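The values are calculated or read from the model by the stated rules, or taken from the named source; none is laboratory data. Treat the numbers as computed from the prediction; the structure is a model and nothing was measured. Please note: Cβ atoms are built from the backbone with ideal geometry, for glycine as well, and neighbour counts cover all protein chains shown. Heavy atoms of the whole protein, side chains included, go into the accessibility calculation; ligands, DNA and RNA do not. Shrake-Rupley method; radii C 1.70, N 1.55, O 1.52, S 1.80 Å.
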Amino acid sequence: MISLQKFAHSRISWLVLLLSAVTLELSALFFQYGMKLDPCVMCIYQRVAVLGLGTAGIVGLIAPSFRPLRVVAAAIWGISAAWGLKLAIGLNQLQQDPSPFATCSFTPDFPKWFQLHDWLPSMFMPTGMCSDIPWTFLSITMAQWMIVIFATYLFALALYIWPILRRAQ
């Protein structure tokens, strides 16, 4: 447990979180621009959840030995991963059981003070339909992969929450 605690209090642990989020964001952009797959509004919301995971990594990197900052970073991590999982499950349900009455919006519903789709439309403007399944790998859709990914983030947080919250020894 001590080695896990040392790792949770190190910059490397938070850097791993940040780099994994950056990798996911770059993958999303590769799918959008390299493979010409249009993201739907729920995909865009998941990008924001991944952005939250990256933010948690940055906050944790600032001072990983300072407990209050680790707690804030862990909270951002948990909220982002849980929200992303909820979105991925919802998107998967829309794709697996398409209904003309259950559709998603064409524009994101960001707060007025956080209009990402206006500030960075190349990354946060949806151009696809939620019910489309444009890509699969091993017969698993992108939404289903995102369920696995966000669940893994939550599982990792569950493993690290006690070491993150403990005082340094």
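Residues in region 62-93 that are aliphatic (A, V, I, L, M) and either touching a Gly at 6+ places or on another chain (Cβ under 9 Å) or open to solvent by 40 Å² or more (accessible area, probe 1.4 Å) (or both): Ile62, Leu69, Val71, Val72, Ala73, Ala74, Ala75, Ile76, Ile79, Ala81, Ala82, Ile89. Helices (runs of 4 or more DSSP H) fully within region 104-169 that include at least 3 residues being hydroxyl-bearing (Ser, Thr, Tyr) and either open to solvent by less than 70 Å² (accessible area, probe 1.4 Å) or within 16 Å of Leu24 (Cβ to Cβ) (or both): 142-165. Residue count for region 24-41 satisfying the condition of being open to solvent by 30 Å² or more (accessible area, probe 1.4 Å) and either touching a Gly at 6+ places or on another chain (Cβ under 9 Å) or polar (S, T, N, Q) (or both): 3. Of all residues in region 28-35, none are under 21 Å from Ser122 (Cα atoms), assigned to a helix (DSSP H, G or I), among the hydrophobic types (A, V, I, L, M, F, W, C) and touching a Ser or Thr at 6+ places or on another chain (Cβ under 6 Å).
Listed by first and then second residue, the pairs linking a residue in region 64-89 that is more than 11 Å from Ala151 (Cα to Cα) to a residue that is among the basic types (Lys, Arg) and surrounded by fewer than 23 Cβ atoms within 10 Å (Cβ to Cβ), with Cβ atoms under 7 Å apart and 6 or more places separating them unless they lie on different chains, are Pro64/Arg11; Arg67/Arg167. Among residues of region 15-27 that are small (Gly, Ala, Ser), none has a Cβ under 7 angstrom from a residue that is surrounded by fewer than 15 Cβ atoms within 10 Å (Cβ to Cβ) and modelled with pLDDT of 95 or more at a sequence gap of 6+ or on a separate chain. When residues of region 37-75 are filtered for being assigned to a helix (DSSP H, G or I) and either of a type in the set (Gly, Ala, Ser) or under 11 Å from the mean Cα position of the chain (by Cα) (or both), how many remain? The total comes to 19.
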